[in-house]
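No lab work stands behind these numbers, since they all come straight from the coordinates. Since the structure is predicted, the reported quantities are computational estimates derived from the model, not experimental observations. Cβ atoms come from the backbone with ideal geometry, glycine included; neighbour counts cover every protein chain shown.
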Amino acid sequence: MSTAVAVVLLLAVVAYAVFGGADFGAGFWDLTAGGPDRGEHPRDMIEHSIGPVWEANHVWLIFIFVILWTSFPEAYASITLTLFVPLTIAALGIVLRGASFAFRKAVITLRYRRMFGAGFAASSVLVPYCMGAVAGGIASGRVPAGGQAGDPVHSWINPTSVLGGVLAVAAVAYLAAVYLVWDARRLSDNEMTEYFRRRAVVAAALVGVLGVVGIFVLRADAPYLFQGLTSRALPLVILGTLCGAGALILLVRDAARGGRLLAVVAVASVIVGWAVAQWPYILPETLTFSAAAAPTGTLTAMLVVVVLAALIVVPAFILLFVLHERGLLPEEGVGGA
Amino acid sequence: MTTTLSALTAIVLVNPVPWARAQMAFTLAFHIILVPLGVSWAFMTLIANYRGLRHSDRAALILAQRWSKFMAVTFAVGAVTGTVLTFEFGLLWPRFMGQWGEVFGVPFGFEGLFFFTEAIFIAIYLFGWRRLRPWAHFWTGVPIVLAGIFGSISVVAANAWMNAPTGFTLDSNGNVVDVDPIRVIFNDSMPWQAAHMLVAAYLVGGFLIASVYAVGMLRGRRDRYHYLGFVIAFTVGAVATPIQMGVGDGLARWVYSNQPVKFAAIELVPTTESDAPETLLGHLNENYTVSGGIPIPGLASWLSDPSTGKQTVVQGLTAVPPDQRPTVQQINIVHLCWDIMVGLGTLLFLLAVWYAVSWIFRRRMPQTKWFLRAAAVAGIVAVLTMEAGWVVTEVGRQPWIVYGHMRVEDAVTANTGVWITFFAVVILYALLGTTTILVLRGMGRRFRQTKGFTDHDTPYGPSALTEASTEAHADAGEAVG
């Protein structure tokens, strides 16, 4: 039963990366859009694109935490004790991001706009970096079992964490660029389509390079993960690589469809690959999922939640999606009333 | 070198308990203000929406549409502060979550479900104004109300479990070996606490929103739009107030029976006695004598159980060892906050009575400026009442984090840098709070500047507004500021 809950946890992580990640990635492009004049058009585009879903994607993150602390409490205690610093920075970054994104719209003068714009953009990069570093710390076996605190510094400043952090920033930037290409095309904004298409290609190439570098980093720094990635998770790694390459080709050739799906599958298969590679451990080589699992009653309750979610949330989500696709929910940013 | 080292040691050795407690209290105090808006605003919006459709009332429709937009902003801010809270459970209280997460956490699974549903339907309702059929659109708002109700019940169930921990079995080492999720969620304290918080959400939400329109009316904007905004919200708050007094009374009796130490702190009863007085204000001294205040003889005993009247025995603070009761300072906080909650709640009740009497005898709301002035303050007063009540239940539980099972100092993180995160959180939340108010004001101003609604913004199809009503709607925006 702990396996079923672990799968649910994995799906939530994938959903957060795919949906929430793009929000963060948009902030990255905001940061790199240049001066107030040059960057105005892309910034407007970004604002338009994430305005309606402002911060709602944190639902996935909350769900991840809830699953962790109910179903694998021992691992959760170890993680929060050990990785206190990056998790705190991520939490503060989420507040800063939410506040400064809205603040930027509310203030008039350019100086303040820039200040809060910088806050929004910087925290958009900081949060995924910290999340990636946390993932790196866990994956490389630096979080001890038993609700104990590990090394408060080296648990998140180490080769695998740096790789995880940089990879997370690059991946969300890539996803966001791909989504923004699609959005711009829908709005028939050729200039922005081209603008973000070029950036998506660069980001995709960067993710590829990081992947190659990662092979060497993980072999030296996270042997258990490396071994998993090169054996039982290998099909997923290959799938991710193929999808990533396919998406890159579609982007370079400026194809109208397919790119978005391939990009999502590429990112998702890397995350699933990570999970398969460190299986059966939640904290590699010290604590397995089944050993960390809560009593049956709690796990059952969580699976009931998932079933209810399938019965309530999924139809609601489909309704939202259908209404949106039929154009019955005209876009109207929350702040742009 | 030595000085740097000792300075460093001083920083490193700061006791995390008070800072963790302060940070948790601060972030919860902030979040709890957003809760009533998330829970009850949708209900009020639907009342306006219903009126607008049923009676072809354009002002009501525009009110509903604007409320839905403000609501979406407060929901988004609530999502951010709620996310921070989920971080904090682990970052500040890892030992609590490590040992009890599998029990305490269960209600949060269901809360996540309702929160998700709420988010989806807020999006549909918010963006569906122009293109959905009017009644279909109205019905997409109903799940928001239901999800808000069940979501808040789920969260309060978790807090109630900390007061009345049930639904688990421990082995000889004190580890949880078996969990009964039903007993965890439906713990003994849950029905009373959930009802109390739910009614509070409607009470506070109603008075808070009404106060904005009261200010607008005091500034001379006496149009239909303001009238509706005030009457709908204030009526919800006024109806909730007497219900809340009944629920609160029931909860207090539950505390009397099940958490005698908290009850003794509330009533400031040092030693076990019958004929215990109800002390208004006053404080407890270090030697457990009560100074100051106005004692009303026998009332605390009588209220605890009217059937035995003054003979009812109230357990005193000294009946348990000092390490199992709150500190004197905490006891005084609990007692003062209790007085604030009951006192301010009574004032709100009197205001609600004034409003009700006017409706019953004159068939209209009170017309005097003094009523509007009182209503303008009632929003803040309601928030303070709720905050005070929450302090009573949280501080009154000390020194326990899980009543009778785990103490706060055994739950806290080992990280000694919490004082730094505390200050960072305070600064960021100040920024977030300012942002929220500025954004809401900015939206109000924009509503005003567009001179009512352009075609683009008109709910349910066109029909140009007359010049007069356009003016009225233009003013409405300002009220929100």
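Data for the structure
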{"read-out": "For chain B: relative contact order, % (alpha-carbon pairs under 8 angstrom, 6 or more apart)", "value": "19 percent"}
{"read-out": "Packing-based ranking, highest mean first, of A:130-141, B:419-430 given that Cβ atoms within 10 Å are counted", "value": "A:130-141, B:419-430"}
{"read-out": "Gain on full stretching of the segment that runs from residue B:29 to residue B:249 - 0.36 nm per residue minus C-alpha separation", "value": "76.9 nm"}
{"read-out": "Span-rule helices in chain A, defined as complete DSSP H runs reaching 18 Å or more along the axis (Cα) with Kyte mean at least 0.5", "value": "A:2-15, A:58-71, A:84-106, A:110-139, A:159-186, A:190-221, A:234-252, A:259-278, A:296-325"}
{"read-out": "Helix-only CD estimate at 222 nm, as mean residue ellipticity for chain B, using -39500 (n - 2.57) per DSSP H run (n ≥ 4)", "value": "-24500 deg cm²/dmol"}
{"read-out": "Net charge, residue B:256 excluded, C-beta distance under 12 Å - Lys, Arg +1, Asp, Glu -1", "value": "-1"}
{"read-out": "Inter-label distance, nm, simple model (7 Å from Cα along the C-beta direction), residue A:296/residue A:231", "value": "3.2 nm"}
{"read-out": "Residues A:71, A:188 arranged by fewest to most Cβ contacts within 10 Å", "value": "A:188, A:71"}
{"read-out": "Around residue A:192: net Lys/Arg minus Asp/Glu count, Cβ-Cβ under 12 Å", "value": "0"}
{"read-out": "Once the Cα gyration tensor of the protein assembly as shown is diagonalised, semi-axes √(5λ) in Å", "value": "44, 38, 22"}
{"read-out": "11 Å reach of a label modelled at residue B:360, 7 Å along Cα-to-Cβ, counting backbone N of region B:212-229", "value": "none"}
{"read-out": "Distance cut-off 39 Å, percentage of C-alpha pairs in chain B lying past it", "value": "30 percent"}
{"read-out": "Label-to-label distance, nm, for residues given as residue B:17 and residue B:370 (7 Å Cα→Cβ offset)", "value": "5.0 nm"}
{"read-out": "Kyte-Doolittle at least 0.5, axis length at least 30 Å by Cα - qualifying DSSP helices, chain B", "value": "B:16-54, B:58-92, B:106-127, B:142-163, B:190-218, B:224-258, B:328-362, B:369-395, B:418-449"}
{"read-out": "Residues B:335, B:31 arranged by fewest to most Cβ contacts within 10 Å", "value": "B:31, B:335"}
{"read-out": "Separation in nanometres of the label points that stand 7 Å from Cα toward Cβ, at residue B:170 and residue B:307", "value": "3.2 nm"}
{"read-out": "Distance from region A:1-76 to region B:358-399 (C-alpha centre basis), Å", "value": "39 Å"}
{"read-out": "Residue B:296 long-range amide H proximity, modeled H, under 5 Å", "value": "B:278, B:279, B:280"}
{"read-out": "Proximal charge balance of residue B:197 [Cβ under 15 Å; K/R count +1, D/E count -1]", "value": "-3"}
{"read-out": "Normalised contact order of chain A, rounded percent, pairs of Cα under 8 Å and 6 or more residues apart", "value": "23 percent"}
